[in-house]
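Quick notes on the structure that follows.
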Amino acid sequence: MSSRPNNDIENVVATLAARQSGAPSRKISGPQRAAVLLLALGDQYGSKIWQLLDDDELRQLSIVMSTLGTVPAEEVEGLMLEFVSRLSASGALMGTYDATERLLQQYLPPERVSGIMDEIRGPAGRNMWEKLSNVQEEMLANYLKNEYPQTVAVVLSKLRPEQSAKVLGILPEDVGMDVVNRMLRMEAVQKEVIERIEQTLRTEFMSSLSQTRRRDAHELMAEVFNNFDRQTETRFMTALEESNRESAERIKSLMFTFDDLVKLDNASAQTLMRHIDKDKLAIALKGASEPVRLFFMQNMSSRAAKMLQDDMQALGPVRLREVDEAQALLVNLAKDLAGKGEIMITKNRTDEELVY
């Protein structure tokens with residue numbers, strides 16, 4: 001009986017070897033290769049592998065698998081030959097949230113599957129407290145206002161002070177004051193208590209958030225407009241202002257543009273410039289307004305500012321498309337750094353923090 005699987009594998013490999021078409025046509029990462037392999041292994045051969053993975057490996061693999069999309073049959077076959085592992089099927093595969101969840105349910109306890117899928121669908125972050133830091137304060141306050149004040153105090157003590165302050169400001173005044181007093185008197189919290197709170201947040205708050213959270217259409221469209229080149233943005237915005245001025249104004253208020261970078265604090269501006277290629281910065285500023293140029297120059301040493309001015313002059317005429325691309329690169333870099341917590345970006349003069 002035990003020789004049957006080996007014979008099956010040998011037959012599959014031999015068949016594929018006869019049809020070998022070389023390496024996969026596109027370059028894919030290690031986690032993507034593993035995801036394709038596990039999807040290809042299916043029920044018969046995959047069970048033992050899933051059981052040997054730790055939580056971090058399961059999380060990473062599940063995220064990749066759920067966003068894999070369609071993998072052409074020839075790529076699957078190429079990877080199967082490369083791994084020369086236990087294979088039970090070939091052909092195109094579709095990696096989706098539902099397919100990933102169904103597969104995990106066959107090998108893991110329901111609560112473990114639920115936790116992994118909630119983390120995939122929910123806000124970004126490696127642990128519960130990082131995830132909470134990416135949740136809008138209004139949503140978090142709305143959930144916490146129904147919790148016992150001591151629980152709220154523990155949760156807020158684990159968050160960033162600026163986020164805790166915003167949540168406290170939204171909570172009813174009597175609840176907020178009770179929580180403040182409990183935070184002042186709070187001593188070391190037992191690990192078991194923290195774990196119970198984390199589990200409650202995961203099963204009650206994060207799971208409902210991942211199921212009901214729907215992006216506002218204007219927020220989505222603002223990101224689309226952010227990625228237009230200048231001429232396309234002007235064309236669509238002009239047309240939208242004529243047909244639906246209210247939506248146009250709302251989209252403009254939600255957009256984060258190159259000109260909004262002047263609202264960075266000095267430390268954030270300097271961090272951003274350390275991460276951008278100087279040639280790209282010169283091109284971006286070549287087509288910038290004078291206030292934007294001045295802002296960046298003021299956040300450099302006089303020597304660096306002089307060198308940048310010389311670089312801009314040496315560029316000569318620059319295509320508008322190249323300027324747009326460089327400015328978009330700078331904006332996207334700022335968003336990435338903000339998402340990592342390395343800088344803070346604001347959209348308006350009320351210093352409302354943008355969460356990405």
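The values are calculated or read from the model by the stated rules, or taken from the named source; none is laboratory data. What you see is a predicted model; the values in this text were computed from it and never measured. Here the Cβ positions follow ideal geometry from the backbone for every residue, glycine too, while neighbour counts run over all protein chains shown. Side chains are part of the model used for accessible areas, which takes the heavy atoms of the whole protein and leaves out ligands, DNA and RNA. Shrake-Rupley method; radii C 1.70, N 1.55, O 1.52, S 1.80 Å.
Worth pointing out:
- When each of VAL152, VAL167 is tested for being part of a helix (DSSP H, G or I), more than 26 Å from the chain's Cα centre (by Cα), surrounded by 13 or more Cβ atoms within 10 Å (Cβ to Cβ) and modelled with pLDDT of 85 or more, the lone residue that passes is VAL152.
- Of residues in the stretch 40-70 being without any contact (Cβ under 8 Å) to a residue 40 or more places away in the chain and closer than 11 Å to LEU104 by Cβ, the one farthest from the chain's Cα centre (by Cα): LEU53
- Complete set of residues in the stretch 280-311 that are of a type in the set (Val, Ile, Thr) and surrounded by fewer than 19 Cβ atoms within 10 Å (Cβ to Cβ): VAL292
- Residue check for THR70: surrounded by fewer than 17 Cβ atoms within 10 Å (Cβ to Cβ) and at pLDDT 75 or above: yes
- Residues that are among the aliphatic types (A, V, I, L, M) and either open to solvent by less than 50 Å² (accessible area, probe 1.4 Å) or part of a helix (DSSP H, G or I) (or both), drawn from the stretch 187-206: VAL193, ILE194, ILE197, LEU201, MET206
- Subset of the stretch 250-262 (residues that are modelled with pLDDT of 85 or more and either small (Gly, Ala, Ser) or surrounded by fewer than 17 Cβ atoms within 10 Å (Cβ to Cβ) (or both)): VAL262
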